[in-house]
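Written below as structure tokens is the structure these notes are about.
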């Protein structure tokens, strides 16, 4: 006497083994790396230097371009092999919440204000207002501290660029004072 346990009544389908997970966005990044690296390498060939400088300034773009292309190729291999980067835990970021567009628009407004007023106000004033506005839009409620820190940083950076590096930043309304 045969029982149903001895003979299967339905044919079992073979189990499909899923392929490795592939993050196809990595292929786009790899393509970008290869294109940027190849362009950097090609641009290095257009640099003209004197005959007395055997190493010259072309060495670094050649190395950077070649390494960038190599990293792009390695990323393609890793992606096709199924290597997927580990998702970030986001210790203080809750990815389920949408972006705070109000804060983003405030920051864009502060940056646009800085771009439009830097030649008239100068870096020292405009940079301080950039710091103050950015701190405000990101939630700071200590206006006095933000003003002091903003002006100290902007004036110090103006002097660092102007005197230390020789890069002329606009003085604006403080011309003659700085």
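Using a 7 Å offset from the Cα along the Cα-to-Cβ direction at both residue 119 and residue 167, what is the distance between the two label points in nm, to one decimal?
Here the answer is 1.9 nm between the modelled labels.
Rounded to the nearest 0.05, what FRET efficiency do residue 152 and residue 108 give with R0 = 22 Å and r taken as the Cβ-Cβ distance? Could you check? All intermediate terms of the calculation are to be shown ahead of the outcome.
Working: r = 25 Å, r/R0 = 1.15.
For R0 = 22 Å, the calculated efficiency reads 0.30.
Any idea what the relative contact order of the range 25-81 is, in percent, if you count C-alpha pairs under 8 Å spaced at least 6 apart?
54
Counting pairs of Cα atoms in the range 25-81, how many percent are more than 16 Å apart?
So the pairs more than 16 Å apart make up 47 percent of the total in the range 25-81.
By count of other Cβ within 10 Å, fewest leading, how are 125, 110 ordered?
Taking fewest neighbouring Cβ atoms as first place, the list is 110, 125.
Work out how much length residue 43 to residue 160 would gain on full extension: take 0.36 nm times their residue separation and subtract the Cα-Cα distance, in nm to one decimal.
Length gained between residue 43 and residue 160: 38.9 nm.
Pop the C-beta distance of residue 136 and residue 23 into the FRET formula with R0 = 35 Å and round what comes out to the nearest 0.05.
Working from the Cβ atoms, E equals 0.40.
Going by how many other beta carbons lie within 10 Å of each one, how would you line up 162, 97, fewest first?
Numbers: 162 15, 97 7.
The order, fewest Cβ neighbours first, is 97, 162.
Going by Cα centres, the range 130-164 and the range 103-126 are how many Å apart?
The range 130-164 and the range 103-126 have Cα centres spaced 12 Å from each other.
Throughout, read-outs are computed from the coordinates displayed, never taken from laboratory work. This is a predicted model, so every value here is computed, not measured. Reconstructed Cβ throughout: ideal geometry from the backbone, glycine too, with neighbour counts over all protein chains shown.
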